[in-house]
Amino acid sequence: MTAPLSLSVATWDHDRVMAVQDGRVTIPGVSVTPHILPTTKLFPIAVQEARFDVTELSLSSHILQVARGQANYVAIPAFVSRAFRHNGFYRRVGSGIASPSDFAGRAIGVPEYQMTAALWMRAIMADDYSVTPTAVHWRTGALDQGVRHERLALTPPPDLRITPVAEGQTLQDLLLAGEIDGMLAPNPPRAFSEGDPRIERVFPDFETVEQDWHRRTGFFPIMHVIALRRDVAEAHPWLARALFDAFSQARDIALDRLREVWLGSANRLSLPWLNASMERTRAAMGPDYWPYGFQRAQPEIAAMCRHSFEQYLAPRLVDARELFDPTLLET
């Protein structure tokens, strides 16, 4: 009997991946060694070391590396992280910012210029509010604690200002001190969550705004993909499809479980308005609201490639098909 192929598989603990990581979903011919890491730790490992055979990967970083001819991974169209992003625009109270159009000419914080959340938020700024990246002075660094640096070196043009915060500072510190006027945040800053009156969302009714944006664009912003190291993919041409099938099955298990909890007679998940959230989601997006596969996602990924180029990340316009294992382009 042939020994199974041993693969290291690294992701964060999304419900959509855990059935692969804990063995409920098996990959024929493969033995999985799971690694569960937060993406702030995982993504630098992925783009700088390519340590893991299979990894969750920032799609923005992947576009950048493919454009540079430096990609060690090929993507699998299993989109394990998606998130609407209007909720991530923050302003300092009294800054005079009423909408993202007012970010022009301002100093605005973002943890990493290249991060996928920021790619999408700048896309919104450009397409809906006519604010280009060069109209903003970008300050980069940790959101509200610790230290954060760009995971890949950037070479911005002279008119694109990207200035890291000083050692020991955070973007939240600068906002509250009035040194920056707003932030693009992938998650709520600690001060906001604790009720500090000096910081607020630019879109207080963000769910309504995001639903409207989804109706107009058809997009549910893709953040991260599963990726297979290129040398492993080339050595085992069957593996990309096997991974896609396994992660699709894991997603189905997670969504079936969520539906079971939602429709159960007891409140089994610690959310008082889970019913309302699920009903609004399905009304806005339909029952198949977390799709995998390349074909359906191609227009959205093409938009990401365009914005990566226009935001001075990718040095050339990447075709969406270049990002993925060629055996999965028909999915």
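The values are calculated or read from the model by the stated rules, or taken from the named source; none is laboratory data. This structure is a prediction, so every number in the text was calculated from the model and none was measured. With ideal geometry, Cβ positions are generated from the backbone for all residues, glycine too; neighbour counts draw on all protein chains shown. Remember, those area values only see protein heavy atoms, side chains included, never the ligands or the DNA or RNA. Shrake-Rupley method; radii C 1.70, N 1.55, O 1.52, S 1.80 Å.
Values computed for the structure shown
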item	result
Label assignment, Cα extents along the principal axes in Å derived from the structure, set (1) 66, 39, 33; (2) 92, 41, 31; (3) 69, 53, 37	(3)
Rg [Å, one decimal], Dmax [Å, integer] - the stretch 176-238, C-alpha atoms	19.4, 56
Share antiparallel - DSSP beta bridges, the chain, percent rounded to 5	45
Diffusion constant of the stretch 210-331 at 10 °C, which comes from Stokes-Einstein with the Kirkwood Cα-pair radius and 1.306 mPa s, µm²/s	93
The stretch 118-189 - convex hull of alpha carbons, volume per residue in Å³	110
Residues in the stretch 77-114 that a label on LEU255 would reach, taking backbone N under 17 Å of a point 7 Å out along Cα→Cβ	77-84
Charge dipole (the stretch 131-281, unit charges on Cβ, about Cα centre) - positive-most of ILE162, VAL225, PRO204	VAL225
Gain in span if fully extended, ALA104 to ASP288, counting 0.36 nm per residue against the direct Cα distance	62.5 nm
Residue-count net charge about PRO38 - beta-carbon cut-off 14 Å; Lys, Arg +1, Asp, Glu -1	+1
Debye equation applied to the C-alpha atoms of the stretch 60-200, log10 I(q)/I(0) at 0.09, 0.20 Å⁻¹	-0.27, -1.29
Selection from PRO38, VAL54, ALA19, by position along the positive dipole direction of the stretch 1-106 (Cβ)	PRO38
At least 27 Å along the helix axis (C-alpha) and Kyte average at least -1.0, DSSP helices within the chain	239-263
Quarter of the Cα convex hull surface for the stretch 271-331, i.e. its orientation-mean projected area (nm²)	6.2
For the stretch 289-331 versus the stretch 30-84, the gap between their alpha-carbon centres in whole angstrom	15
Probe 1.4 Å - accessible area at ASP319, Å² to nearest ten	60
Surface/4 estimate of mean projected area, convex hull on alpha-carbon atoms of the stretch 17-86, nm²	5.9
